[in-house]
Ligand code: SF4
């Protein structure tokens, strides 16, 4: 076999991996032989079958309920009300916490932290590769990888590494594959690897362990590595090999990327801007054909449009569609979205939820960030979208260099004033991307001594530092009754990946 592609744990196990499906689509299109493994869902389900410890009543109950809780996330019963959902997810997380504790690891359905191993330190990741048996997923991946290597003898093994929560286990798996099959080429790509490689002064600390580090789309590289000749077609992603995986969602979720990079790419805090990624997109009609082809034959599904920001052209094409397929995605606040008729048409296209980067309720802060949106447009868009029956998931960012306490209060005012049009909220504290335009001229310092860290701290000129921001959020912002109601609705662990199901009444 040419290539074995692996999606390592841990990311939210609600849907198949978009990146690996895209690579598989390219390999299929070029006639290459490949196998894909979602080691994330497999590994988490393996650990959820762990031994029952004789601990407190809550823990014993969490173990006793695990099959019922998994079933309720798959059959939709957990989505009937948020309290039932929170109980199911918390109990599953409790099981993972108990089985991972003896490995010095704190594990949940969305996170992984091994106390002795930092994902932003290359020396720690190399140590994880040298000692795979110390990883909590080892009993799972030892047997699974051994049988795959034996059965298929792949010429290359590719790992898709997108999040910090995957890094330590990715390297443990790489170390294991190296030990078991010294001949297979190891390829490492994905969003996190792309960010590493685009860092200023990058120098490869993984030489000798990883044969190829790939920045950006990996299709061309993999097709050529496997002996094919890459043609510049953009094939459909391949989800068939993932169809049998029991993802934790009540409908099949189909990730679809209609673009790469961001058509706006001007927000100063955004890695897309700092990394200077090139933007490319599918023509809207082609993107819609892909959406229809991927959802065809599914007995109920939800399309997750994974673009950093869906393009206005794609939104217009969706709004003009006659047929509805449930979908959701991230959008900038555009003029079109302030129009109630346009939003009603989007709703008819199947749009269930839009994620919107509002960031701040202070126009000066928005202008400084390069967001290119007006607050009054955000307010009108929230109303039009929400009134049309589409859920709104608003993203806010605090502690940016130009924000101060007064600006943060303006954000609180904005949210409370428009809270009846906001269904979900995501609150973040600003991280300064290394090498970004924003970092120039600021007094910066390192959060950690990790050589792979992508972000830095900075001395806030207005004294509005992380500690004060955190206090404001915890003691004031989240306690406002209008905000508390929205924050309480956010699905723990899965957040926006599960939020749409709460808006689809037939699910529960
Ligand atoms: S719109 Fe979103 S993805 Fe695009 S530059 Fe701004 S923050 Fe980044």
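The values are calculated or read from the model by the stated rules, or taken from the named source; none is laboratory data. As the structure is a computational prediction, the values presented were derived from the model and not from experiment. Because the Cβ atoms are built from the backbone with ideal geometry, glycine has one as well, and the counts that use them run over all protein chains shown.
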Between 78, 128, 62, which is in a helix (DSSP H, G or I), touching a strand residue (DSSP E or B) at 6+ places or on another chain (Cβ under 6 Å) and crowded, with 22+ Cβ neighbours inside 10 Å?
128
Pairs, please: C-beta under 9 Å, at least 6 apart or cross-chain, first residue under 17 Å from residue 467 (Cβ atoms) and in segment 431-449, second in a helix (DSSP H, G or I)?
432/438; 432/439
Return a yes/no flag: does segment 185-207 have any residue that is over 30 Å from residue 276 (Cα atoms), buried (at least 18 other Cβ atoms within 10 Å of the Cβ) and in contact with a helix residue (DSSP H, G or I) (Cβ under 7 Å, 6 or more places away or on another chain).
no
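Within segment 441-450, can one find any residue that is assigned by TED's automatic domain parsing to the domain that holds residue 344 and surrounded by 20 or more Cβ atoms within 10 Å (Cβ to Cβ)?
So the first thing to find is which residues in segment 441-450 are assigned by TED's automatic domain parsing to the domain that holds residue 344, and the list is 441-450.
Narrowing the set further to residues that are surrounded by 20 or more Cβ atoms within 10 Å (Cβ to Cβ) leaves none.
No: segment 441-450 contains no residue that is assigned by TED's automatic domain parsing to the domain that holds residue 344 and surrounded by 20 or more Cβ atoms within 10 Å (Cβ to Cβ).
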Regarding segment 33-48, can at least one residue be identified that is more than 21 Å from residue 177 (Cα to Cα) and not in a helix (DSSP H, G or I)?
no
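Of all residues in segment 424-440, how many are assigned to a loop (DSSP other than H, G, I, E, B) and surrounded by fewer than 16 Cβ atoms within 10 Å (Cβ to Cβ)? Walk me through it before giving the result.
First pass over segment 424-440, keeping only residues assigned to a loop (DSSP other than H, G, I, E, B): 430-431, 434-436, 440.
Subset that is surrounded by fewer than 16 Cβ atoms within 10 Å (Cβ to Cβ): 440.
Looking only at that region, the number is 1.
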So for segment 246-260 (the condition being part of a loop (DSSP other than H, G, I, E, B), within 16 Å of the ligand (Cβ to nearest atom) and touching a helix residue (DSSP H, G or I) at 6+ places or on another chain (Cβ under 8 Å)), does at least one residue qualify?
yes
Can you find a residue in segment 223-245 that is assigned to a loop (DSSP other than H, G, I, E, B), within 16 Å of the ligand (Cβ to nearest atom) and either closer than 25 Å to residue 317 by Cα or touching a helix residue (DSSP H, G or I) at 6+ places or on another chain (Cβ under 7 Å) (or both)?
no
Residues that are under 30 Å from residue 434 (Cβ atoms) and within 14 Å of the ligand (Cβ to nearest atom): find the helices (runs of 4 or more DSSP H) completely inside segment 266-331 holding 2 or more of those.
271-274
Only listed residue being in contact with a strand residue (DSSP E or B) (Cβ under 6 Å, 6 or more places away or on another chain), within 23 Å of residue 271 (Cα to Cα) and in contact (Cβ under 8 Å) with a residue 40 or more places away in the chain, chosen from 497, 426
426
Over 20 Å from residue 308 (Cα atoms) and more than 16 Å from the ligand (Cβ to nearest atom), is that true of residue 388?
yes
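Taking segment 278-302, which residues are closer than 20 Å to residue 265 by Cβ and modelled with pLDDT under 90? Write out each step before concluding.
Our first condition is that a residue be closer than 20 Å to residue 265 by Cβ; within segment 278-302, this holds for 278-284, 287.
278, the sole residue that qualifies.
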Checked segment 362-383 for anything closer than 30 Å to residue 501 by Cβ and either out of contact with any strand residue (DSSP E or B) (no Cβ under 8 Å at 6 or more places or on another chain) or within 16 Å of the ligand (Cβ to nearest atom) (or both); matches are 371, 373, 377, 378, 379, 380, 381, 383
